[in-house]
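This report concerns only the one structure given below.
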Amino acid sequence: MLILVVGPSGAGKDTILSAARSRLANDPNVRFVRRVITRPADPDNEDHEPVSEAEFDRRALALQWRAHGLRYGIPQDVTADIEQGRMVIANVSRTVLADAARRFPVRVIEITAPPAVLAQRLAKRGRETAGDVAQRLAREVTLPPGVPVETIINDSTPEQATQRFLEAISRAGAPVPPR
């Protein structure tokens, strides 16, 4: 099973995924994917594999997309994990959901938050202008029909959102560790 995590910037996806990764660290049947991104390493941002454009072009990738002037990808080796019955969890763009659903057994977990919470979190990051934040919040993205989606509203503590996420992946087939 491929669990695709989507949602707007500021929703808390990286925070939730990091906490869930820690909780499931000893489960050999669950893999959290490290994305390949044409962005330099930055300890203040998500852990990813930084690559050049040329290196990205040489990579075998199961899924890839462009966003915010960067290229993102999921390594091809996830295919073997899925075939072996592992649950693979990846943070992706909503633009690749239809392609992924054609190629893999997928479930989508959308992590979001109310607009005011998103705006506050994006402003706190300090990486974008107020205009950029407003533009992100105004973007409408629809999810493709026929792809199972579960939505988590991350408007409370990171611990509560992580527990909701673990319960969602449990419903998709992965065990949830005790608290």
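Annotations
- Residues of the range 124-166 that turn out to be surrounded by 12 or more Cβ atoms within 10 Å (Cβ to Cβ), modelled with pLDDT of 75 or more, part of a helix (DSSP H, G or I) and of a type outside the set (S, T, N, Q), as a count: 5
- Qualifying residue in the range 7-22 (condition: β-branched (Val, Ile, Thr) and buried (at least 19 other Cβ atoms within 10 Å of the Cβ)): yes
- Number of the condition not met by ALA41 [criteria: (1) modelled with pLDDT of 90 or more; (2) more than 25 Å from LEU166 (Cα to Cα)]: (1)
- Residue ID - modelled with the lowest pLDDT, chosen from residues in the range 96-115 that are part of a loop (DSSP other than H, G, I, E, B) and not small (Gly, Ala, Ser): PRO114
- Considered as a group, the residues in the range 65-112 that are free of Cβ contacts under 8 Å to residues at least 24 places away in the same chain and on the phi > 0 side of the Ramachandran plot include one that is surrounded by the fewest Cβ atoms within 10 Å (Cβ to Cβ), and that residue is GLY69.
- Residue in the range 55-64 that is in a loop (DSSP other than H, G, I, E, B) and under 15 Å from the mean Cα position of the chain (by Cα) present: no
- Screening HIS48 on (1) under 16 Å from LEU4 (Cα atoms); (2) within 13 Å of the chain's Cα centre (by Cα) shows it passes everything except condition (1).
- VAL30, sole failed condition from (1) surrounded by 21 or more Cβ atoms within 10 Å (Cβ to Cβ); (2) within 13 Å of the chain's Cα centre (by Cα); (3) closer than 23 Å to THR151 by Cβ: (2)
- Which numbered condition PRO28 fails, given (1) assigned to a loop (DSSP other than H, G, I, E, B); (2) farther than 26 Å from MET1 by Cα: (2)
- Near pairs, Cβ below 9 angstrom, 6+ apart or cross-chain, from the range 23-41 (over 21 Å from ILE82 (Cα atoms) and in contact (Cβ under 8 Å) with a residue 24 or more places away in the chain) to any residue that is aliphatic (A, V, I, L, M) and not in a loop (DSSP other than H, G, I, E, B): ILE37/LEU70; THR38/LEU70; ARG39/LEU70
- Output for the range 36-49, where each listed residue is in a strand (DSSP E or B) and exposed (fewer than 13 other Cβ atoms within 10 Å of the Cβ): none
- Residue in the range 67-83 that is in a strand (DSSP E or B) and among the aromatic types (Phe, Trp, Tyr) present: yes
The values are calculated or read from the model by the stated rules, or taken from the named source; none is laboratory data. Worth saying up front: this structure is predicted, and the values here are computed from it rather than measured. Cβ: placed from backbone, ideal geometry, glycine included. Neighbour counts: every protein chain shown.
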